[in-house]
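The values are calculated or read from the model by the stated rules, or taken from the named source; none is laboratory data. All figures in this text were calculated on a predicted structure; none of them were measured in a lab. Neighbour counts are summed over all protein chains in view; Cβ atoms, including those assigned to glycine, are modelled from backbone coordinates with ideal geometry. Please note that ligands, DNA and RNA were not included when accessible areas were found on the heavy atoms of the full protein model with its side chains. Shrake-Rupley method; radii C 1.70, N 1.55, O 1.52, S 1.80 Å.
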Amino acid sequence: MQIEAFSELFPLLMAANPETLEGLLSVAVEHEYPANRAVLMEDAWGNAVYFIVSGWVKVRRLSGSEADNVVTLAILGKGDFFGEMAILDESPRSTDVSALSSVKLISISAQRFIQTLFKDPQLHHRMLQLMVRRLRQTNIRFQLRHRPPAVKLANTLVALGENYGRESSNGAEIFNIPPKDLADVSDIGVEETSKIMEKLDSKGWIKIDQANQSMHLVNMKQLINLAGQV
């Protein structure tokens, strides 16, 4: 991957100087995983920072071996990263990362990333900005906890579309997230999620393309209006 492409793909790196980008690329390791494969196990947090080149992953909380005890905490797509908090926090993790679709990643060792972070003030500042943005998103989810399920789900769809959507003739295109994962992230029931998705589909606000495993947010304006009822 060229330095320019590396910088353009990841918002975190847009402010980094060329020497920083060159140094990170020189030690970057590429990974590819099929859908439903574990990408980062719970005992591996803190070893590296991972950048998503393509595809979709989910961060899950684990509380036992039963499937009912696994909850999806976040859904991340192309251009995002994960593992940055664990390199600064050595406490044990009860989360893992799993591929929703086929995914390509780049990893950079924790030691090298920390060294680089404190050598490049612009990168350090950008990291802090993105961490604050994630805290704001968490705060929004907290504010929504007593809102109707449709409002919660609309907020999730809008966030996915704005953060990771690919523009198409049918609106922002995202991965067709499974109902269970959408339900977990939106903090609503799976049955409620399926019913709301069917209603949004019947209204023409979204369009599911099962063949290509994609979802089109056809009427983003209406979804934003629904999500804005906070």
Q. For the stretch 162-181, how many residues are of a type outside the set (Asp, Glu) and either in a helix (DSSP H, G or I) or under 21 Å from GLU192 (Cβ atoms) (or both)?
A. 9
Q.
Looking at the stretch 100-136 only, could you name the residues that are more than 25 Å from ASN176 (Cα to Cα) and of a type in the set (Gly, Ala, Ser)?
A. SER107, SER109, ALA110
Q) Out of all the residues in the stretch 45-54, which are free of Cβ contacts under 8 Å to residues at least 60 places away in the same chain and either within 23 Å of TYR164 (Cα to Cα) or not in a loop (DSSP other than H, G, I, E, B) (or both)? A) TYR50, PHE51, ILE52, VAL53, SER54
(Q) I want to confirm something. Restricting to the stretch 14-44 and keeping residues that are open to solvent by less than 50 Å² (accessible area, probe 1.4 Å) and part of a loop (DSSP other than H, G, I, E, B), which single residue is nearest to GLN213 (Cα to Cα)? (A) ALA35
Q) Quick check: is even one residue across the stretch 165-174 touching a strand residue (DSSP E or B) at 6+ places or on another chain (Cβ under 7 Å), open to solvent by less than 20 Å² (accessible area, probe 1.4 Å), closer than 29 Å to TYR50 by Cα and at pLDDT 95 or above? A) yes
**Q.** Scope the stretch 85-130; condition farther than 19 Å from ARG60 by Cα and of a type in the set (A, V, I, L, M); matching residues
**A.** LEU88, ILE106, ILE108, ALA110, ILE114, LEU117, LEU123, MET127, LEU128, LEU130
Q. Given the residues LYS152, LYS195, LYS180, LYS207, which is the only one that is out of contact with any helix residue (DSSP H, G or I) (no Cβ under 6 Å at 6 or more places or on another chain), in contact (Cβ under 8 Å) with a residue 12 or more places away in the chain and surrounded by 12 or more Cβ atoms within 10 Å (Cβ to Cβ)?
A. LYS207
**Q.** Scan of the stretch 1-10 for residues that are open to solvent by less than 50 Å² (accessible area, probe 1.4 Å) and either within 14 Å of ILE108 (Cα to Cα) or of a type outside the set (A, V, I, L, M, F, W, C) (or both), ordered by number
**A.** PHE6, SER7, PHE10
**Q.** Verdict on LEU117 being touching a helix residue (DSSP H, G or I) at 6+ places or on another chain (Cβ under 6 Å), assigned to a helix (DSSP H, G or I), at pLDDT below 90 and not acidic (Asp, Glu)
**A.** yes
Q. Of everything in the stretch 158-177 that's among the aliphatic types (A, V, I, L, M) and free of Cβ contacts under 8 Å to residues at least 60 places away in the same chain, which residue is nearest to GLN210 (Cα to Cα)?
A. ALA172
Q: Return the residue satisfying two criteria in turn: it lies in the stretch 182-230 and is among the small types (Gly, Ala, Ser) and assigned to a helix (DSSP H, G or I), and of such residues it is nearest to THR156 (Cα to Cα).
A: SER186
Q.
Can you confirm whether LYS180 is farther than 28 Å from GLU32 by Cα and out of contact with any Asp or Glu (no Cβ under 6 Å at 6 or more places or on another chain)?
A. no
Q.
Tally up the residues in the stretch 141-156 that are at pLDDT 95 or above and of a type in the set (Lys, Arg), please.
A. 1
